[in-house]
Amino acid sequence: MGQACQSSGKRWSHVLVVNPRGIGDSEGEQWDYDGNLQHALEYWRKNWSRDAETAYQWLISQPDVKPRSVVAMGGGCGAFLALLTAQNHYPNVHSAVLFSDFDDDSIRRFLRDKPDLAILSAVSEQDAMSFEAAKDIHSLSRHPASRLLTYAEKGHGFGLIEQHPELQQTAVVWVETRLQAAEGGDVAEILAIHERDRGDHMRGDATDLASRLAPE
């Protein structure tokens with residue numbers, strides 16, 4: 001399911017909401033947790049990663065979506081899928097918002113290799129598995145914008161927003177800031193190309209200048 005919404009009256013954001021199989025409007029057999037976290041992580045990666053990939057490909061195929069300005073977001077098992085999407089599509093997915101984190105060995109290796117993935121996490125200190133995962137994730141994330149928000153009250157996933165309504169605005173502002181930073185990166189790249197073109201003009205290097213021109 002996809003939709004577009006206006007944020008702060010300044011820009012349009014495209015939001016894709018994906019339900020796990022058997023939940024909401026999603027078809028298929030609903031997953032049943034057997035109490036073993038490792039089994040859950042293996043199931044999510046094996047069975048739901050393809051669904052997350054399909055959703056991502058649909059999103060970036062939309063005409064007004066910039067593929068290099070994607071923020072992945074999820075709660076609980078969805079937080080794990082958000083990190084999977086970032087793992088598969090970094091740096092196009094340059095940031096992630098996680099409500100009750102989960103990770104596995106592959107995610108941790110990815111974060112060690114790409115410590116500049118920006119991550120905002122919100123987690124309950126009483127949610128032991130997610131709390132430990134969040135601490136692991138933020139020990140590996142080195143991006144200056146990364147934030148770990150912890151709450152003493154019991155809560156999980158997007159239910160944290162119901163207990164702490166201000167968390168929604170915190171996440172919105174954080175995402176807007178990350179999107180602005182991504183747009184700034186495009187500006188920096190354009191300026192660098194302009195400077196290179198200017199140098200080619202000064203040196204009379206037509207070959208290098210022409211190498212960046214479109215065929216038509």
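We did not get these values from a lab; they are worked out from the coordinates using the rules stated. Owing to the predicted nature of the structure, the values given are computational and were not obtained by experimental measurement. Cβ atoms come from the backbone with ideal geometry, glycine included; neighbour counts cover every protein chain shown.
Evaluate the distance, in nm, between pseudo-label points positioned 7 Å from the Cα of His201 and of Ala152 along their respective Cα→Cβ axes.
A separation of 6.3 nm, rounded to one decimal place.
Among Glu162, Glu53, rank each residue by its count of other Cβ atoms within 10 Å, from fewest to most, as a rough exposure measure. Each step should come with its number before you reach the end.
Numbers: Glu162 10, Glu53 15.
Ranking Glu162, Glu53 by Cβ neighbours within 10 Å, fewest first, gives Glu162, Glu53.
Kindly put Asp34, Asp101 in sequence by how many other C-beta atoms sit within 10 Å of each C-beta, fewest to most. Walk me through the intermediate numbers first.
Details: Asp34 9, Asp101 30.
Final ranking by Cβ density, sparse to dense: Asp34, Asp101.
Jot down the radius of gyration and Dmax of the stretch 133-184, Cα atoms only, both in angstrom.
12.8, 38
If you take the beta carbon distance between Glu162 and Leu213 as r and set R0 to 45 Å, what does 1/(1 + (r/R0)^6) give as a FRET efficiency, to the nearest 0.05? Before the final figure, lay out each step's value.
Working: r = 54 Å, r/R0 = 1.21.
Plugging the Cβ-Cβ distance into 1/(1 + (r/R0)^6) gives 0.25.
Points 7 angstrom from Cα along the Cβ direction at Lys46 and Arg142: gap in nanometres?
Rounded to a tenth, the inter-label distance reads 3.5 nm.
Considering the options His156, Pro144, Tyr33, tell which one lies farthest towards the positive end of the dipole of the stretch 2-165, charges being +1 on Lys and Arg and -1 on Asp and Glu at the Cβ, about the Cα centre.
Pro144
What base-10 log of the normalised intensity I(q)/I(0) is obtained for the stretch 38-169 from the Debye formula, alpha carbons as equal point scatterers, at q = 0.13 Å⁻¹?
The calculated log intensity ratios at q = 0.13 Å⁻¹ are -0.50.
So how do 141-151, 75-85 stack up, highest first, on mean other-Cβ count within 10 Å? Don't skip to the answer; put the middle values down first.
Numbers: 141-151: 15.8, 75-85: 24.2.
Ranking the peptides 141-151, 75-85 by packing returns 75-85, 141-151.
At a Förster radius of 35 Å, what calculated FRET efficiency corresponds to the Cβ-Cβ distance of Lys135 and Asn19, to the nearest 0.05?
On the way: r = 28 Å, r/R0 = 0.81.
So, using R0 = 35 Å, E works out to roughly 0.80.
7 Å from Cα along Cα→Cβ at both Thr170 and Asn88: what's the point-to-point distance in nm?
Once both label points are built, they end up 3.0 nm from each other.
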